[in-house]
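Remarks on the structure that follows.
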Amino acid sequence: MIKAVFFDLYFTLIRYDPPQEELEANALKELGINTDPDVFGKPMVIANEFMVQEIARRPLSKRSKEETIALYAQFQRIVLKEAGIEPDEKLVLAMLGKMQQFKTKLVLFDDVVPALKGLQRRGLILGLISNVERDLTATMTELGLPSWLDIVVTSLEAGFSKPQPEIFKEAMRRAVVQPSQAVYVGDQYQIDCVGAQRAGMKGILLDRGGYSKEITDCPRIRSLAELTAYL
C-alpha cells in the first residue's frame, strides 16, 4: 500500500517561463538563425539529462568558474547538435552570451496543483527530493508549494545527491514509511527513476514530451494527472 509520494522539482513540478525551447529559438533568431521552438523539445531533454548527471557527479559549487562555463558550453553544444544545427565554437559562445541576457521566472506546471490536491485528499504524505545547493524556502513559498508538501529533502541538507540511495532513504525516514510504501516521480530516468528503485522505492518517469518511449522498466506518464493509476 502506497503511503507517500515524493517528487523531483525542476521540470517535474516547476519550469522556466519562458520555456527553454523558446529562449533557445529566440537567441538563435537574434544571431540570424530562424528555428521553431518545437525543434528543441527532445534536444532539451537530452541536454538537461547530461547537465543533471554532471551536477550529481560534481556540484557546481565544487567547480571553478572556467569549469562551469565549459559545462554550460557543452550543454549548448548538445542542444544545437541534437537539433541539427552545427555547434561551432563561435556559435556556442554567442549562444552562452545571449542566454545570460534573458530574464526568466519559475512557474508551476498546470497539472501540479490539481494532482497534489487529489493526492492530499487521499491522505498520502507528499514530499520533495531535489538536487539543489541552495535554500529553496523563498522559491517554494512564492510558488505556494509549502501548503502541499509535508517533507522537503535537498542535497544541500542531506549531504547526498540523487541518484545516491541515501537521499531517498532520508526522505523515507522523515515520512516514516518503508520503501515498498513510497513512490518517486521525476523527469530524469537515471537520476530519478533508477536512483529511486535502487533505494527500494517505485520510480515513475514523467515524460511530458513523450521522448522516452524506449524506457520500459518503470512506469512512464505524460502528465501528473496519470499518476493515480500507479498508486
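Converting phi to 3J(HN,Hα) with the Karplus coefficients 6.51, -1.76 and 1.60 and the offset θ = phi - 60°, region 137-153 yields 3, 5, 4, 5, 5, 4, 8, x, 6, x, 6, 10, 9, 7, 9, 10, 10 Hz in sequence order, with x at every glycine or proline. With an a/c value of 1.5 or above and a/b not larger than b/c for the gyration tensor axes a ≥ b ≥ c computed over the alpha-carbon atoms, region 115-187 is described as oblate.
Per-residue 3J(HN,Hα) values for region 74-87, derived from phi via the Karplus relation 6.51 cos²θ - 1.76 cosθ + 1.60 with θ = phi - 60°, read 5, 4, 5, 4, 4, 4, 5, 4, 5, 8, x, 10, 4, x Hz in sequence order (x marks Gly and Pro). Let's see if you can work this out: charge +1 on each Lys and Arg Cβ, -1 on each Asp and Glu Cβ, no other charges. What is the dipole magnitude of region 19-103 about its Cα centre, in debye to the nearest 20? The dipole magnitude comes to about 440 debye.
Here's the picture: charge each Lys and Arg Cβ at +1 and each Asp and Glu Cβ at -1 in the chain, and of Q74, Q197, L224 the one pushed furthest to the positive end of that dipole is Q197. Dipole magnitude for region 56-133: about 360 debye, using +1 per Lys or Arg Cβ and -1 per Asp or Glu Cβ, origin at the Cα centre. Positive end of the dipole of the chain (Cβ unit charges, origin at the Cα centre): among Y16, P59, S161, the Cα lying farthest that way belongs to S161. Couplings 3J(HN,Hα) of region 121-135, computed from phi: 4, 7, x, 7, 7, 10, x, 10, 10, 9, 8, 9, 10, 9, 6 Hz, in residue order, whole Hz [Karplus 6.51 cos²θ - 1.76 cosθ + 1.60, θ = phi - 60°; x for Gly and Pro].
Our analysis of the chain gives Rg over Rh at 0.97, with the two radii drawn from alpha carbon positions and Rh computed by the Kirkwood formula. The ratio of the alpha-carbon radius of gyration of region 22-70 to the globular-protein estimate 2.2 N^0.38 Å is 1.44. Where both bridge residues fall in the chain, DSSP classifies roughly 15% of the beta bridges as antiparallel.
Once you list every other residue whose beta carbon is under 10 Å from the beta carbon of A196, what net charge do they have if Lys and Arg are +1 and Asp and Glu are -1? Charge balance in the 10 Å sphere: +1. Within region 19-103, the percentage of alpha carbon pairs spaced more than 18 angstrom apart rounds to 40%.
Any read-out appearing in this document is the output of simple, stated calculations on the displayed coordinates, not a laboratory observation. This structure is a prediction, so every number in the text was calculated from the model and none was measured. Note that we place each Cβ from the backbone using ideal geometry, even for glycine, and neighbour counts take in every protein chain shown.
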